[in-house]
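For reference, the structure discussed in these notes is given below.
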Number of protein chains: 2
Amino acid sequence: MSLKRVGIIGSGNWGTTAARVIAENVQNLDDFDNTVKMWCFDEKVNGESLVKIINTVHENVKYLPGYPLPETIVAYADVVEVCNTCNYLVFVIPHQFLEETLKDMIGHVLPGSVGISLIKGVTFLDGEIELVTDTIERVLKIKCGSLMGANIANDIANREYCESTVAFPNEEIGNDWLRAFDCYYFHVERIQDIVCQQVCGTLKNIIATAGGLVDGLGLGQSTKAAIMRRGFVECYKFAEWYWPNRGVKIETMMESCGFGDIVASSYGGRNRKCAEYFVKTGKTFAQCEADLLNGQKLQGVLAAAEIYRVLKKKNAIKLFPLISTIHLIDRMKCPPQTIFHPDGEHLDIEVD
Amino acid sequence: MSLKRVGIIGSGNWGTTAARVIAENVQNLDDFDNTVKMWCFDEKVNGESLVKIINTVHENVKYLPGYPLPETIVAYADVVEVCNTCNYLVFVIPHQFLEETLKDMIGHVLPGSVGISLIKGVTFLDGEIELVTDTIERVLKIKCGSLMGANIANDIANREYCESTVAFPNEEIGNDWLRAFDCYYFHVERIQDIVCQQVCGTLKNIIATAGGLVDGLGLGQSTKAAIMRRGFVECYKFAEWYWPNRGVKIETMMESCGFGDIVASSYGGRNRKCAEYFVKTGKTFAQCEADLLNGQKLQGVLAAAEIYRVLKKKNAIKLFPLISTIHLIDRMKCPPQTIFHPDGEHLDIEVD
């Protein structure tokens with residue numbers, strides 16, 4: 001059997017951190033090549049090529065400064081050079097660049113290649129949803145799983161204890177990915193349910209917003225836990241409802257991608273923080289973003305709007321009263337306190 | 001059909017709050033008598049009988065001061081006067097008084113009576129465990145369910161939004177209890193699994209200790225969520241392992257008694273707080289209790305010690321590595337950081 005070789009498609013903060021974890025792990029795995037190839041968008045940093053810097057200084061000075069990288073990580077400016085020499089592909093680019101990057105790879109992927117997505121979010125289009133793994137499988141015709149969980153790139157780079165979940169329907173390949181990622185500070189477990197896992201990765205941002213609303217109202221931990229719990233249940237129900245017969249399992253909610261990610265996001269992170277500020281200041285979310293986020297967009301507010309559109313198209317607002325209510329609160333169609341009575345008449349409001 | 005009548009066995013902070021919720025609810029329920037009888041240990045408050053004060057001033061000035069009670073709540077000094085006139089009995093006394101109170105009731109309980117336990121904890125005896133509902137069923141020969149969740153008496157007394165879970169194997173009786181408790185600020189859902197529910201009510205204090213250890217180490221939300229998640233999983237596995245064939249369901253973990261209570265306790269409450277102080281000061285837990293708790297005992301530390309004894313007796317330490325490790329940390333047999341690697345060799349340490 002020839003060796004497996006990992007290629008990282010992306011080289012941002014999380015991509016570089018993942019490359020580092022994998023590069024250290026594969027040194028001890030007999031069936032993996034020691035080299036990890038990393039596709040890197042070749043921008044200039046202080047007039048010099050980032051690819052060249054990574055390959056000479058062995059540090060991603062732009063996206064993971066201060067962390068030495070093993071010399072076995074080799075950066076490439078051309079994605080084709082990575083995918084036509086690596087058969088284990090890690091996708092870790094911002095969602096908006098996915099489709100064009102995949103197009104560049106068509107026809108250059110090695111036979112029998114497999115992928116894993118570390119990309120947050122799903123694709124929303126006209127009230128329909130496509131999972132990132134489905135997009136990759138559709139475009140490249142390779143099997144693709146995903147890794148999601150309460151993992152923050154810099155914590156992992158600092159070797160602080162975090163967890164994550166590998167989802168791959170095929171057990172053998174899933175275990176390959178598990179071995180590539182799992183290490184003493186990054187505890188990874190494997191499941192088969194790629195659907196519920198990716199749904200939690202998207203909807204957790206909405207639940208985190210709700211956690212921030214409760215914080216903004218100045219209420220206690222029991223009230224916050226109650227709202228988070230309702231959100232936790234709706235995440236699971238949404239996966240089951242939108243993708244019936246795709247192996248959605250309640251057990252997935254007990255994994256890092258479920259419980260871990262929802263809890264961590266609802267107590268930390270910018271969705272929670274902005275929602276608290278939203279309640280306390282009475283400003284719109286657009287203003288809160290402008291005040292706090294330095295040009296970034298709030299994932300939870302965007303996701304709530306998109307999910308609301310999906311529910312509306314399918315006449316299913318009342319099946320997911322909490323998520324729908326969060327969107328109506330975000331849009332200032334009802335006050336934050338409405339969150340405590342998500343089944344009320346406000347759900348009949350007309351909102352686009 | 002004759003009317004159901006609720007009797008509250010206990011009149012502390014939570015008992016009085018529960019009596020108030022129920023007394024308000026039954027006014028609107030045709031099949032319940034409007035009167036709620038409450039057994040009250042008749043201590044003296046400023047030289048006067050607490051029973052008399054409650055029945056004249058309509059306030060529990062000792063345990064729920066400042067909250068007017070409906071006149072339909074009537075206090076009694078003799079538990080027999082409550083149980084021989086009420087067929088829906090709410091048990092809400094400190095665990096250490098349960099057995100003697102039940103003995104006083106033997107022979108005086110109305111035929112066909114049903115109970116519900118709001119009592120935290122389980123009975124530990126020589127490495128064996130008895131659920132509170134099982135104790136009540138054994139002594140009084142009545143069917144008994146329980147109500148557990150992330151509900152803090154004073155929050156509910158203030159009509160702040162909280163949740164809870166009624167567990168009763170019999171659907172009809174369970175729904176009676178649901179109607180007695182559920183109201184607009186106290187959201188109650190019903191399940192049948194009384195085992196997992198009560199296990200979570202006990203083990204959540206251990207997980208909360210772990211949450212406090214992570215806080216004490218100064219680590220972030222992802223790390224904390226990862227440890228809580230492992231504890232969440234062990235709660236479920238413990239219920240399934242100790243009580244096979246008693247209807248333990250993973251769905252129970254998604255209820256307020258599971259997710260809600262574990263999350264709320266790990267972010268609020270005294271177990272979390274003392275564990276944080278334990279790490280930061282390096283004092284023993286006995287010293288931390290003395291410093292912070294005004295004579296009270298830490299439930300999480302006690303429960304961890306008892307569960308460890310159960311696991312040791314059954315040679316099952318390694319089936320529950322996190323809970324076992326928490327006990328060893330509590331006892332200072334290994335440092336707090338061991339929590340990140342609960343499967344290690346420290347589990348072979350001899351501890352009683």
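The values are calculated or read from the model by the stated rules, or taken from the named source; none is laboratory data. Quick caveat, the model's predicted, so the values are computed rather than measured. When we count neighbours, we look across all protein chains shown, and the Cβ atoms used for this are built from the backbone with ideal geometry, even at glycine. Note: accessible area is taken over every heavy atom of the protein model, side chains too, but ligands, DNA and RNA are not part of it. Shrake-Rupley method; radii C 1.70, N 1.55, O 1.52, S 1.80 Å.
Summary of values
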{"quantity": "Residue within segment B:240-251 that is crowded, with 24+ Cβ neighbours inside 10 Å, in contact (Cβ under 8 Å) with a residue 12 or more places away in the chain and either within 14 Å of another protein chain (Cβ to nearest Cβ) or over 22 Å from B:LYS318 (Cβ atoms) (or both) present", "calculated": "no"}
{"quantity": "Index of the failed condition, B:ILE191 passing every other in (1) open to solvent by 10 Å² or more (accessible area, probe 1.4 Å); (2) away from every other protein chain (no Cβ under 14 Å); (3) aliphatic (A, V, I, L, M)", "calculated": "(2)"}
{"quantity": "Test: residue in segment B:173-185 that is at the interface with chain A (Cβ under 10 Å from one of its Cβ atoms), touching a residue at least 24 places away in the same chain (Cβ under 8 Å), over 19 Å from the mean Cα position of the chain (by Cα) and open to solvent by less than 40 Å² (accessible area, probe 1.4 Å)", "calculated": "yes"}
{"quantity": "Tally of residues being more than 18 Å from A:VAL122 (Cβ to Cβ) and facing chain B (nearest Cβ under 10 Å) across segment A:143-157", "calculated": "6"}
{"quantity": "Tally, over segment B:58-83, of residues that are more than 27 Å from B:GLY121 (Cα to Cα) and in contact with a Leu (Cβ under 9 Å, 6 or more places away or on another chain)", "calculated": "2"}
{"quantity": "Hits in segment A:219-235 (condition: within 7 Å of chain B (Cβ to nearest Cβ), part of a helix (DSSP H, G or I) and open to solvent by 20 Å² or more (accessible area, probe 1.4 Å))", "calculated": "A:GLN221, A:VAL233"}
{"quantity": "Residues located in segment B:19-41, provided they are β-branched (Val, Ile, Thr), open to solvent by 40 Å² or more (accessible area, probe 1.4 Å) and touching a residue at least 60 places away in the same chain (Cβ under 8 Å)", "calculated": "none"}
